[in-house]
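**Q** Encoded as structure tokens, here's the structure I'll be asking about.
The values are calculated or read from the model by the stated rules, or taken from the named source; none is laboratory data. Bear in mind the structure is a predicted one, so any value in this text is a computation, not a measurement. We place every Cβ from the backbone using ideal geometry, glycine too, and count neighbours over all the protein chains shown.
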Amino acid sequence: MEFLPPADADPTISKSSDSFTRVRLAWYYRPGDVSERTVADNRVLLAAIYSEVCDITQLRSKCHVIHRDKISDLAGWKKRPDRFYFTRLFDPYIKKEFEVIPSTAVKNVPPEVREPLISRYEYVVAEKEVVSDLIDDIRLCETCRQWTPNPEAVQCDRCKKYFHMGCVSPPLASKPSRGYGWTCAPCAQEHNDVVVDNHGPRHGTPGGAKPRTTVPATRGRGRPRKDRAQAEREENMEIKHFRMWPFRYFGQYTVAQDTIDEDDFIFPRAATRVGAKYQATVPPAPGPSSIPIPTPDMPERGGDDTIEVLSMVVHMKEEHVEKHKDWMTMRLERLHQVAWLTEAIRRLSEAWMIDPRKMSAVDMRNPVRVEKWKKTETRCVDKDFSIKECAAFEEAMKKHGAELRAVRDEVRTRTMPEIVRYYGVWKNGKLREEHRLKDAGHVVKKEDTIQSDDEGSIVKRLTKGNSNCAACRTKESPVWWKAPKGLATNVLCDNCGMGWRKYADLNVRAIREDPPPSTTKGKAAENKRDGTPLTAPPAKRARVSSTPPPNVPHLRCVACKRNGPVGKVLKCQQCGFQCHAGDFAHRLSGCCGASIDPAKIDTWVCDLCENVKSQESSLNTHCILCPRVPPAKRQEDVNPPSDSYFRALKPTEGQNWAHVLCAVFAPETSFTDVERLRLIEGISAIPPSRWFAECSICHSSGGASFRCFDCTREFHISCAWKAGYSLGFEFVPVSDTHKNRDVVVSFRGETGFMSPVIRCPQHSHDKTQREIFGLCEMDDNGETALQVYCKNYKRVQTDQSYGLLRKARRLDDLLTETDPQVNGQRTPADDSGPSCASCHTRFSPSFHPTAGNLGSGSLLCHKCYFKPPNGVNGDASVAIA
């Protein structure tokens, strides 16, 4: 907030940067330090109108803290180090949190109050229930046309107009009780006229329209813009300060006209505790005598008997304090302990206030004291460490270094605060001994020196079981740090290690610049796939602690490549296949069709392993939509590895198998059970041209090929995924021409028709295209883009027909095609052989001769021959015969 000269500096001397020795700092609190609730976001803080002056040497580093409304890209802001934000304010005196809103949003105040409020302060602090009244339009009394503050205003329940309680006739002494309404005289008279004249219902709805609210809409997350220039402007944005504070209180207990005064208090206020509601009324003592019974004198509040003085050193002579302090202990190390010095000064101050001559009688041999406002005794200094505890501490320091949590677990008999205090004393003693030996000319061995805190937490050599980071699973890092207990490994990479030490957060990700476009293919292109799970921005973070609980292993989903605890990520008990579980209660299936009861998590097996026992479908698990592979690669294709997304296969209606990925992006296929993505239908409806087209990636003509969204290149879906093509979903805007043609859905702020898109790498980075959502991107409801698309566009209408009839209709459509020259009627693809005179099909178990309007010698198929009379295209009488 400001730099200050020494406390004893002459105020008449001009200030310069060389004379600054102190600094005034504004306080911010972490939510977990002032309340019991758990906050998952470790970058959110609570502001406070509280400052403290300290020495300039106590400054450690610089951080940026701004309001949430000033940040356009919150995800990018939190990826940068030492960046924090706040949305609320905490008052340390009344122990209450308040909302913080921009001062420009306050409208329901008089102009003479609003102008100085906006010109002086950037933000306004108010209670949550008052914010909606402040940001509403200005409320004027309908009688006197003056501003109506909330405590003095009453609103008509019918016309929704405001009045002063003293401007109505008769004046109101108080507002209506909770649950009751009030109507003005014109509205009440109008209601009576309607009831008397029988022109309307006795209990009708109010005539006034629903009041318009000006509360801002809920802020969505959106997609990060990755605009570094915008981020720099936000950091350097000018914030209005008035006397070093950017906000002031303007809430329930504020008098609006007082804010015009520059000297008015800006701190939050609470309800007064003076009045009959809070003061006790004591009746006179019972008995015949009216003379009051004498009571012992009560101590005066705020006097010496009710407050505890911690120090009076500023009023004592320095030589007397030092002399008495040296008499109180024979142990020299005590003279440098903060806890002992604090208690010694407190006891000397108590004796000095009674009689300065009694200071020599102060005794420090008793290590405990009884505070005035506590019923239990408090130790002023810690117990001395025993020989056994010192030995355990020394061994733990050699083993764990400065990781004091692990040291506490080794010692076991001491609390964490005691370990931290003893570590400071032990370290200073070791350093003092090193300096003494160096000054004496002795050579100090390296193993006898005290290593720094960072050096003690660095792992210099990786073992076989600890070769990757416990948080992000990376295997490359310039520096490795020790990891807390309960994780998969005992090391953290440099990025995760610094995030854990600075923010206690294991989910911090490195700052990654946008990679330049490359023409590499194959596995190298997977690292820059656009719109796929590998590079999709994380969805809304779950409301859980960022630090995983101890002894809870995390698994990695093969689809989205993100970690999750057991239960959120399922693991097959036979092959080890891992994928995110769907929500069993809401019938959600994730990205692999795994939706299971939480009680059966430990016994879950994937569809391929389950089919080995049940033999529901073919034991040949090759995807029917993928090309046939040579015998050399047959085993890998038939039995995909457990760490591949291609192991997510589902049975088809012909007892074959197909990849979930291939079935979703094939437009002709659908799912009978869309919640579990099972029983794929419609593969027979794929036209022959797809089966005979050559793939531009594997150059094979087997399998079903699909075309790029922006060019004529054709490829298999599995080949496109392996080659790093962009797979996702695009939203087509709704127009009046095809408004009722398809289902309109909403996802992440986009509304329209959801269309699957596959793009070549040449088109993936085209900025003119619309935004593509990856398969595993989630919305606020926890549903992925793949789930939303399948639920709305890939569901089979099982309530309208049964499976065998749907299959027969698809086969019938496959065996016939449309001839535009025969009035749009379906004709056989080949003219050779008999054909039906009604439906023109040449595929039938038998053909029946008939006569009549159809012509002599004509034939009818088995279906048309036995069709009911009202369904025959030709002569009804002949069909009946």
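**Q** So is ALA7 part of a loop (DSSP other than H, G, I, E, B) and small (Gly, Ala, Ser) or not?
**A** Yes.
**Q** Within the stretch 491-503, is even one residue surrounded by fewer than 17 Cβ atoms within 10 Å (Cβ to Cβ), among the hydroxyl-bearing types (Ser, Thr, Tyr) and either assigned to a loop (DSSP other than H, G, I, E, B) or modelled with pLDDT of 50 or more (or both)?
**A** The answer is no, given that none of the residues of the stretch 491-503 is surrounded by fewer than 17 Cβ atoms within 10 Å (Cβ to Cβ), among the hydroxyl-bearing types (Ser, Thr, Tyr) and either assigned to a loop (DSSP other than H, G, I, E, B) or modelled with pLDDT of 50 or more (or both).
**Q** Right, here's the next one. What is the number of the single condition among (1) in a helix (DSSP H, G or I); (2) under 17 Å from VAL255 (Cα atoms); (3) not charged (D, E, K, R) that SER119 does not meet?
**A** Result: SER119 passes all but (2).
**Q** Could you pull out the residue among PRO5, PRO11 that is surrounded by fewer than 15 Cβ atoms within 10 Å (Cβ to Cβ) and over 18 Å from the mean Cα position of the chain (by Cα)?
**A** PRO11
**Q** Related question: Pairs under 6 Å by beta carbon, first residue modelled with pLDDT of 80 or more in the stretch 460-473, partner among the β-branched types (Val, Ile, Thr) and in a loop (DSSP other than H, G, I, E, B), six or more apart or different chains?
**A** ALA470/THR489
**Q** Any chance the stretch 583-593 includes a residue that's more than 24 Å from the chain's Cα centre (by Cα) and either at pLDDT 75 or above or under 22 Å from ASN656 (Cα atoms) (or both)?
**A** Yes.
**Q** OK, next. Here is a list: VAL113, VAL109. Which entry is more than 18 Å from ARG30 (Cα to Cα), part of a loop (DSSP other than H, G, I, E, B), touching a helix residue (DSSP H, G or I) at 6+ places or on another chain (Cβ under 7 Å) and not acidic (Asp, Glu)?
**A** When all the criteria are applied, what remains is VAL109.
**Q** Tell me which residues, restricted to the stretch 127-148, are closer than 24 Å to LEU89 by Cα and in a loop (DSSP other than H, G, I, E, B).
**A** GLU127, ILE135, ASP136
**Q** Checking VAL100 against (1) touching a residue at least 60 places away in the same chain (Cβ under 8 Å); (2) surrounded by fewer than 15 Cβ atoms within 10 Å (Cβ to Cβ), which single condition isn't satisfied?
**A** So the condition that VAL100 fails would be (2).
**Q** Here is a follow-up. Can you tell me how many residues within the stretch 417-450 are surrounded by 11 or more Cβ atoms within 10 Å (Cβ to Cβ) and under 18 Å from VAL338 (Cα atoms)?
**A** 12
**Q** Next question, about the same structure. Find the strands (runs of 3 or more DSSP E) located wholly in the stretch 632-734 whose residues include 2 or more that are in contact with a Leu (Cβ under 7 Å, 6 or more places away or on another chain), and list them.
**A** 649-651, 657-659, 670-673, 726-732
**Q** Return the residues of the stretch 461-477 that are on the phi < 0 side of the Ramachandran plot and out of contact with any helix residue (DSSP H, G or I) (no Cβ under 6 Å at 6 or more places or on another chain); say none if nothing qualifies.
**A** Those that are on the phi < 0 side of the Ramachandran plot and out of contact with any helix residue (DSSP H, G or I) (no Cβ under 6 Å at 6 or more places or on another chain): ARG461, LEU462, THR463, LYS464, GLY465, ASN466, SER467, ASN468, ALA470, THR474, LYS475, GLU476.
**Q** Tally the residues that are closer than 19 Å to TYR793 by Cβ and in contact with a Pro (Cβ under 7 Å, 6 or more places away or on another chain), restricting the search to the stretch 681-705.
**A** Residues meeting the conditions: 0.
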